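Computed from the coordinates by the stated procedures, all read-outs in this text should not be read as laboratory data. Note that the structure is predicted; figures quoted are calculated from it, not measured. Because the Cβ atoms are built from the backbone with ideal geometry, glycine has one as well, and the counts that use them run over all protein chains shown.
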Amino acid sequence: MLLRRKHNYLNCFRIALPSKGRLKPSALKILEEIGLKIEEQERKYILKTSHPEFEVVLARAFDIPLYVQYGAATLGITGHDIILERGADVYEVSDLKFGKCKLVLAVPMEAEWNKAIELPSNTRVATEFPNLTRKFFDSLKKPVEILTVRGGAELTPKLGLADAIVDLSTTGETLRKNGLKEIEVILESTARLICNKIAYRSFNKIKEFIEKVDEIVKKNEAFN
């Protein structure tokens, strides 16, 4: 028999944050700005905050939508691109306006293709985002072979593994350094605050938390 330890919302609300990567510093900063101070400890992934009703769990950004969907966390901060890729059944309650990037289709500089529709049928495309990539090419009615990789997609054309890639890009510098050019933007992404659907409908405290986050986002926008 499987034993699953369910999170008890009556004891405290859990917020899932990226354990590393570009979103983590800004996610921590937002919590601090609303008064939740967090003391990080090495090798600890569930952290107390200065408010007894809230704790933080550090997780892979890619897993956070599932933590929130299944109630292991009440709230989470991760990328819009990841939420769509995972297809998680959660409420996307706030656009946090940081972590801006694009999911793009890129090909080698020397390639003659300048639009996705120009790729030959059954072109091999390497990506960490197979679901979004499939959806994009299906919308074009363009059959492609999708090669799912976990990082380093930009290397695959050089190694002869793929003819094109779908990957995140902020400035385009990494693509250029690897001899690639962007030919299509699939979606634009920022960090989002997400919430478990049952918790959102059940607890006013959650809505108050979201309102505080929105106030901070608006204040930061006004200063930028």
Practice task
Please give the FRET efficiency for Lys97 paired with Thr170, using the beta carbon to beta carbon distance and R0 = 22 Å, rounded to the nearest 0.05.
Solution key: 0.90
Handout entry: Global form of the stretch 101-188, assessed from the alpha-carbon gyration tensor, a/c cut-off 1.5
Key = rounded
Problem - Pairwise FRET efficiency - Ser50 versus Asn131, Cβ, R0 = 30 Å, nearest 0.05 - result: 0.20
Practice task
Give me the distance in nm between label points sitting 7 Å out from Cα along the Cα-to-Cβ direction at Glu221 and Lys205, one decimal.
Solution key: 2.9
Handout entry: Separation of the Ala111 and Glu33 label points, Cα + 7 Å toward Cβ, nm
Key = 3.8
Practice task
Between Lys142 and Lys24, with labels modelled 7 Å along Cα→Cβ, what's the label distance in nm to one decimal, could you check?
Solution key: 3.6
Exercise for the section: Would you mind checking Lys24/Lys207; Lys44/Lys181; Lys29/Lys102; Lys97/Lys158 for any pair whose Cα atoms are more than 31 angstrom apart? Expected result: Lys44/Lys181; Lys97/Lys158
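Classify the chain: rounded, prolate or oblate, from the alpha-carbon gyration tensor (a ≥ b ≥ c, eigenvalue square roots; a/c under 1.5 rounded; otherwise prolate if a/b is larger than b/c)?
On the way: a/c = 2.30, a/b = 1.94, b/c = 1.18.
Prolate shape, in that a/c is at least 1.5 and a/b is the bigger ratio.
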Completion exercise
With the 8 Å Cα cutoff and a minimum separation of six or more residues, the chain has a relative contact order in percent of 25
Handout entry: At most 14 other Cβ within 10 Å, DSSP loop - trypsin sites (Lys or Arg not before Pro), the stretch 73-103
Key = Lys100
Fill in the blank from the handout: Ordering 70-79, 172-181, 18-27 by per-residue average of other C-beta atoms within 10 angstrom, highest first, gives 70-79, 18-27, 172-181
Problem - Contact order relative to length of the stretch 101-188, as percent, for alpha carbon pairs under 8 angstrom and 6 or more apart - result: 49
Handout entry: Nearest-ten-degree value, helix 204-223 long axis tilted from longest Cα axis of the chain
Key = 60
